[in-house]
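A short reminder: the numbers here are calculations on the coordinates, not readings from a lab. Because the structure is a prediction, the values reported are computed rather than measured. Note that we place each Cβ from the backbone using ideal geometry, even for glycine, and neighbour counts take in every protein chain shown.
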Amino acid sequence: MEEQQNKTIALIHRQQSFNLVAHIQPDGDSIGSLLAMGEALAGLGKTVRLFTADKVPRKYTFLKGSDQIVTAPERWLEDGAAVVLDCSDLERTGIFKEAILRSAVIINIDHHRTNRHFGTANLVDAAAAATGEIIFYLLKAMELPLTVSMAEALYVALSTDTGSFKFENTTAATHRAAAELLEQFDLNPGTLSEQVFDLRPLPFYLLLTKVLGTLELHGDKKIAILTASREMLEQSGALREDLDGMINFARNIEGVEIGIMFFIESPAEVKVGFRSRTVDASALAEVLGGGGHARAAGCRMREPYVRAREKVLREALRALGALEPSAALSAKDEP
Ligand SMILES: [Mn+2]
């Protein structure tokens, strides 16, 4: 870790321009990490561009500088170093993958256990609750002074990836970072949390009633499944980003070990999210071609919903130990 941190710092000092990229469907950690890192590099006199393949969700647009994050690849600085944030692999950067691969220098800063170490420097720490936490300690090691907007961005990164410091990825180091941010700046955690976690537009609630209506329980009520579709988004006037966090309703049912949420992208593709209480969600997602964290993971399956759902349910039952590997296959399954 320390060696990779030193390597990262050396690369930052050596390079003059940077393209910072976070993942598709950016979350609070992606946006907060992009903004804090971007402002830190700009403060060092570097030329900086900020990218995500999808637009900044509404709930993060109050963060200063979020309007500088663009989805347009033509803004890419061809001689710039790439800084990839919160991405376990380059697929997660969407349309920016090729541009990143063309870069002479790639700095990979991430906290996913499944990170592929695709960088020139790989500042990867699976023990960190958020990429924002790694950035906080990186900037501290560089002795770079923070600004109030960087502190807000990092606080949002820490609080969103820990579900308000509630998830079991929250550590003393996470709290220390948050405490230092509160100590140094006049942040209001109540206002920030309300903005990020509580206030939702009406279409969110209209969508929620539809999604909760799809609830199914399996495996002795230890697996809860929710399903959403593009039609539901259209009918309720909601955006894709309004689905963010909805999966927790499945996981939070008493007695449920695995919460699963499907999003039907098209008749031929589904996105699947996993939230678990005890089971290794990242191992479950990996079997299905995805990845993530121990308690939160996901995958994308290029097949129709009904078939994908059958496979996912079978793997989830297996992960619970409810199925013996051989008993898991019914007659019509391929071996
Ligand atoms: Mn993250």
Exercise. Compute the normalised compactness of region 2-197: alpha-carbon radius of gyration over 2.2 N^0.38 Å, N being the residue count.
Key: 0.92
Quiz item: So how tilted is helix 2-14 from the main axis of the chain? Cα-based, degrees 0 to 90, rounded to 10.
Solution: 50 degrees
Quiz item: If you build the Cα gyration tensor of region 81-166 and take the root of 5 times each eigenvalue, what three semi-axes come out, in whole angstrom, biggest first?
Solution: 23, 16, 12
Exercise. For residue 302 and residue 214, compute 0.36 nm times the residue count separating them, minus their Cα-Cα distance, and round to one decimal in nm.
Key: 29.5 nm
Practice problem: Send over the Kirkwood Rh of region 202-319, from the inverse of the averaged 1/r over different Cα pairs, rounded to one decimal Å. | Solution: 14.0 Å
Quiz item: How much length, in nm to one decimal, is gained on full extension between residue 148 and residue 240, taken as 0.36 nm per residue of separation minus their Cα-Cα distance?
Solution: 30.1 nm
Self-check item: Cα centroid of region 111-180 to Cα centroid of region 24-64, whole Å
Solution: 14 Å
Quiz item: When the chain is fully extended, how far beyond the present Cα-Cα distance does residue 168 get from residue 70, taking 0.36 nm per residue of separation?
Solution: 32.0 nm
Quiz item: Using Cα atoms only, what is the angle between the long axis of helix 172-184 and the major principal axis of the chain, expressed in degrees (0 to 90) to the nearest 10?
Solution: 50 degrees
Quiz item: Rounded to a whole number of µm²/s, how large is the Stokes-Einstein D of region 89-130 at 37 °C and 0.692 mPa s, given Rh as the Kirkwood radius over C-alpha pairs?
Solution: 304 µm²/s
Quiz item: So what does the Cα-only Debye profile of the chain read at q = 0.11, 0.14 Å⁻¹, as log10 I(q)/I(0), no solvent term?
Solution: -0.72, -1.13
Quiz prompt | Hull shadow area, averaged, region 34-126 [alpha-carbon convex hull, nm²] | solution = 6.1 nm²
Quiz prompt | Cα radius of gyration and Dmax for region 253-303 (Å) | solution = 11.0, 33
Quiz item: Helix 28-43 sits at what angle to the longest principal axis of the chain, using alpha carbons and giving 0 to 90 degrees rounded to 10?
Solution: 10 degrees
Exercise. Just grab the label-to-label distance for residue 314 and residue 95, each label 7 Å out from Cα along the Cβ direction, in nm (one decimal).
Key: 3.7 nm
